[in-house]
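What follows draws every value from the coordinates through simple rules; no lab data is involved. In this text the structure is predicted, and so the values were computed from the model without any measurement.
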Amino acid sequence: MTELLVQALVEMKEAEALQIAKELLDQGVAPLDILESCSKAMEEVGRRFEKGIYFLPHLMMAGEMLRQISDMIKPLIHEQQTINQGGKVLIGTVEGDIHDIGKNIVVFLLEANGFQVRDIGINQKPSKFVEAIREFQPKVVGMSGLLTLAFDSMKKTVEAIKEAGLRETVRIVIGGGVVTEKIKEYSGADAYAPDAMAGVRLCKQWIRGE
Ligand code: B12
């Protein structure tokens, strides 16, 4: 059944994809497993885009389907919420990049795990991250980026945080599509998280002081 979801998403069958996602949830399939299928489908959509089989409207449609499935799943994750004080996490998509579906998943998983999250949104300049750190005083800063050009934006943001004298006050985690361990080294961040749950686990460790 999750295979059918991947297929419907890849083939841009919006109504069918939403229906299957709903049925899977009704059957008790874990929300995170559904998200994993969505990520798998997005990889194929991305591949078709690269090959010139799909175009921008397809990416937009894929984004829209994903947003609707995320909205469907969100309340279910909140239902499992544990009331504990996780700590403060600031998050945003770096300059030049407007992808935010993955970031939004990270936000709601963090909130579901009791973290106080400030989401500064998409296409955020390094100075905006610095400003928000001063104001919100988070323990963790998360940066999201799906474009190759986001690597430089991440690096510039880490540098700006350093120049502002705030680097020692925060731990920095990066994530999103093509980000890897190598980009962590390149950008000067403290960690890279391959998926949202890995990000949540890291935040928990850091806030516990590990
Ligand atoms: C949907 C989509 C769009 C939508 C985005 C809608 C939205 N609101 O986000 C729209 C149509 C707007 C779009 C636009 C573009 N896109 Co686009 N897009 C995609 C697509 C198909 C899916 C992205 C997605 O949502 N994936 C699903 C989510 C759940 O995955 P995720 O973001 O990786 O997040 C997970 C983890 O990485 C992690 N995570 C993410 N962020 C963070 C942050 C932290 C702190 C942590 C801990 C974890 C974490 O948690 C999530 C859940 O586990 C990808 C293909 C792909 N393979 O990803 C292309 C893709 C990212 N896009 C691409 C391109 C080229 C573009 C455009 C430049 C196209 C154009 N010609 O205009 C523009 C860019 C505009 C800009 N300036 O940003 C390329 C990027 C290539 C590159 N290497 O640079 C891709 C890879 C497609 C491809 N294969 O060519 N796109």
Of Glu43, Glu168, Glu64, the one that fluctuates the most in a GNM where the chain has Cα springs shorter than 10 Å: Glu168
Amide H of Arg171 versus every other amide H placed in the peptide plane: which residues, excluding those fewer than 5 positions away on the same chain, fall under 5 Å? Val140, Val141
Which value in Å does the Kirkwood hydrodynamic radius of the stretch 1-72 take, with 1/r averaged over all unlike C-alpha pairs and then inverted? 11.9
Give the long-range amide H neighbours of Asp97: residues separated by 5 or more places, or on another chain, with amide H under 5 Å away, using H modelled in the peptide plane at 1.01 Å from N. Asn123, Gln124
Acute angle (nearest 10 degrees) that the helix 101-112 long axis makes with the longest principal axis of the chain, alpha-carbon atoms: 70
Using a Gaussian network for the chain with springs between C-alpha atoms less than 10 Å apart, which of these wobbles most: Arg171, Arg47, Arg118? Arg47
P(r) for the chain: what percent of alpha-carbon pairs falls in each 5 Å bin, starting at zero? 1, 7, 16, 18, 19, 15, 12, 8, 3, 1, 0
What is the distance in Å between the Cα centres of the stretch 3-21 and the stretch 91-158? 29
